[in-house]
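To start, the structure under review is shown below, and the notes come after it.
The values are calculated or read from the model by the stated rules, or taken from the named source; none is laboratory data. This structure is a prediction, so every number in the text was calculated from the model and none was measured. Because the Cβ atoms are built from the backbone with ideal geometry, glycine has one as well, and the counts that use them run over all protein chains shown.
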Amino acid sequence: MEHLLEEHGVKPTPNRILVAKALAEAGRPLSLMELEARLETIDKSNVFRALTAFREAHLVHVLEDAGDGVRYELCHSHHEEHDDDIHVHFYCTKCHRTYCLEDTPVPPVQVPEGYAPDSVSYLIKGICPDCR
């Protein structure tokens, strides 16, 4: 995990390593509250500071969720200019979890002339297999 942090220019402090490990082990995007619950030994402000450093270094994707805030997932792309790790996400309206559909790329969207998008998000809402 230290190597991944260093690769993105993030100093691998003990708290940052724990936050990155928690994100990696989750296997799905997590909210700040979900991260706090997994990291009982780190207070909320330290978790948030780690996430802020990760965000600035393009080490996490920040997903706007279905109305209850944002979720974070590790970004495995190594390109600062072009993110080759973009994929579709699925939000379960029953259990309120967000899942990565990594094999489902975000479809290309043509925007009208004059618009300059700098990020793309594709969120599908419904019921996950565990809740069905």
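Observations, loosely collected:
- Residues satisfying the stated conditions in the stretch 112-132, i.e. in a loop (DSSP other than H, G, I, E, B) and within 20 Å of the chain's Cα centre (by Cα): 117, 118, 119, 120, 121, 122, 128
- Long-range neighbours under 6 Å by Cβ, at least six apart or interchain, first residue within 22 Å of residue 90 (Cα to Cα) within the stretch 109-132, second small (Gly, Ala, Ser) and in a loop (DSSP other than H, G, I, E, B): 125/66
- Looking only at the stretch 107-126, and only at residues there that are hydrophobic (A, V, I, L, M, F, W, C) and in contact with a strand residue (DSSP E or B) (Cβ under 6 Å, 6 or more places away or on another chain), the one that is nearest to residue 30 (Cα to Cα): 123
- Every residue from the stretch 1-25 that is in contact (Cβ under 8 Å) with a residue 24 or more places away in the chain and closer than 19 Å to residue 69 by Cβ: 19, 23
- Residues that are among the hydroxyl-bearing types (Ser, Thr, Tyr) and either farther than 11 Å from residue 73 by Cα or at pLDDT 90 or above (or both) do not occur anywhere in the stretch 18-37.
- Put simply, of 6, 25, 34, 40 the only residue that is among the charged types (D, E, K, R) and part of a loop (DSSP other than H, G, I, E, B) is 40.
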